[in-house]
1. Quickly work out the A:Arg170-to-B:His22 label distance, labels modelled 7 Å from Cα along the C-beta direction, and quote it in nm with one decimal.
2. Classify the range A:200-290 as rounded, prolate or oblate from the Cα gyration tensor: take a ≥ b ≥ c as the square roots of its eigenvalues, call it rounded if a/c is under 1.5, otherwise prolate when a/b beats b/c and oblate if not.
3. Of all the stretches in chain A, which is the longest one without any exposed loop site, taking trypsin sites (Lys or Arg not before Pro) in a DSSP loop (any state but H, G, I, E, B) with at most 15 other Cβ atoms within 10 Å?
4. Given a cut-off of 27 Å, name the pairs among A:Lys290/A:Lys353; A:Lys268/B:Lys84; A:Lys15/A:Lys290; A:Lys15/A:Lys347; A:Lys3/A:Lys347; A:Lys347/A:Lys372 whose C-alpha atoms lie farther apart than that in the structure shown.
5. First select every other residue whose beta carbon is under 15 angstrom from the beta carbon of A:Phe152; then total the charges, Lys and Arg +1, Asp and Glu -1.
6. With a 1.4 Å probe and all protein chains in place, put A:Phe63, B:Phe111 in order of accessible area, largest first.
7. So if I take the centroid of the Cα atoms in the range A:208-238 and the same for the range A:341-387, what is the distance between those two points in Å?
8. Please compute the length gained on full extension between A:Lys3 and A:Lys333, using 0.36 nm multiplied by the number of residues separating them and subtracting their Cα-Cα distance.
Amino acid sequence: MSKIKTYEEINRKLKSGEAVVLTAEEVAKMAKEATPEEIAEKVDVVTTATFGAMCSSGAIINFGHASPPIRMEKIRLNGVPCYEGLAAVDSYIGATACDPDNPSYGGAHVIQDLLEGKDVVLEAWAKGTDCYPRKHIKTKINIETINEFVLFNPRNAYQNYNVAVNTTKRMIHTYMGTLLPNMRNATYSTSGELSPLLNDPEFRTIGIGTRIFLGGAQGFVVWPGTQFNTSKPKNEFGIPVSNAATIAVMGNLKEMSPDYIQAAYFEKYGVSLFVGIGIPIPILDADMAKRVSINNSQIETSVLDYGSPGTPKLGQVTYEELRSGFIKIDGKKVRTAPVSSLAKARKIADELKDWLLKGEFEVTKPIQIFPKNTALKGLKETEVDND
Amino acid sequence: MIKKRYILNFPPDSGDKPFSYHLVKDYDIRINILKAEVYPGKRGSLLLELQGKKENIENGVEYLRKQNIVCESLDKRIHFNEEKCIDCGNCTAVCFAGALTMNHETWKLEFDKSQCVVCELCIPACPLHLFEIDFR
């Protein structure tokens, strides 16, 4: 019978400086010689991390009331449209929002500009009401002038993701980067054995309320992410072999750092936001130790043809193969490239480890565990009556 | 023997001189044309790899410059804002010349400008727009 640790015990050890914290890469190496029982005995927390473009991201902003006040019914920040359906001066700016006439500057760039302390032009229009008489405002705002500035990302940190290739004769531009014709390259996205949701694939410790590293500050998992799917086929190590579960996260942007939040523009695709996320996984028992011991040779993912309708699957590869620089698809050697930053993910895992070791960060037991047996619906189109 | 890449920019009136013949014959330089854009009557640009004795290459470049051809080493024409790079790897996906690669230990980007063939695919492929190449 192996040891069972509680969250309280682990937090006590973190506070008193006795805890052993490793990154998921370090523990994967350790697991080549140690059994899960030995790892559970020695290690208290394992840090995981990712730094990739996460399109389903955005920020809640409260601008404060002007005098005379305005009930903002159309809002632009540096020309980028923001949501206007939240009371008078609340708004949500989506990372991928943009003015179609200026597609390379979007919501993600506005978030980054504010985060870096730059002035941003706020312009808003209204019909004017008895209590909010004003019809127009144009002014500069910055991170100091606004009230709340909260990152709220409905879908981040995908548990695994596909490899993208292109079998057609023309170059295509996707969120997985530029895909050369005739399968001349393959791109992949997750941080493999360091990736958060691959280290706790059954969500024993990651759930609603989990305290995480988000953009350089403490944030939280607030909900399962949109498109949360636990029904994807899994391999012998319990790892889904394509994009499966996701998390929704929240945190105070005013505490975050531009080192871990980065706007991006993908040619002929659009704007997105690189988000740095780190999740500490408490090693409660040998089962958790076994989960975090997963290594790149055991994590497989699907190779999809982004050039063909329905993105057909062409093969299945491991992250060890992807990281070697080449994969084989139908006997053809294809050059691989990452599109998310492993160097940054490692920096996040190290920083989170540092916070834990200094006793500045606690592991949190989920308030509510994620749902099981979820699947996804497509969008079924039905005929609409025209009046 | 050394090997070095240069970008050449031709003024509109220089198109009729057999300069490559002179580079080979008079300076014993092996030339490899990696990229050429010619706009007759206007201007032309060329990416050349010159291989030969260091002294001969220097003299050959001097000869070109005397013909009113702008001849600058390739690395001076490539601008990469390295400080802002997040090492995502998107540029390495398109760089078939092998100039942009990921270090397989640190997973940081490595840029060997001497391998660049000025295909310019990295310019739009970088999601942070950190590359600029001054070819034309």
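1. 4.4 nm
2. Oblate shape, in that a/c is at least 1.5 and b/c is the bigger or equal ratio.
3. A:171-267
4. Long pairs (Cα-Cα over 27 Å): A:Lys3/A:Lys347; A:Lys347/A:Lys372.
5. Its environment carries a net charge of -1.
6. B:Phe111, A:Phe63
7. 3 Å
8. That works out to 114.2 nm of additional length.
The values are calculated or read from the model by the stated rules, or taken from the named source; none is laboratory data. Only a predicted model underlies this, so the values are computations on that prediction, with no experimental measurement involved. A quick note on method: Cβ atoms are made from the backbone with ideal geometry, for glycine too, and the neighbour counts reach across all protein chains shown. Areas reflect the complete protein model, heavy atoms only, side chains present, ligands, DNA and RNA absent. Shrake-Rupley method; radii C 1.70, N 1.55, O 1.52, S 1.80 Å.
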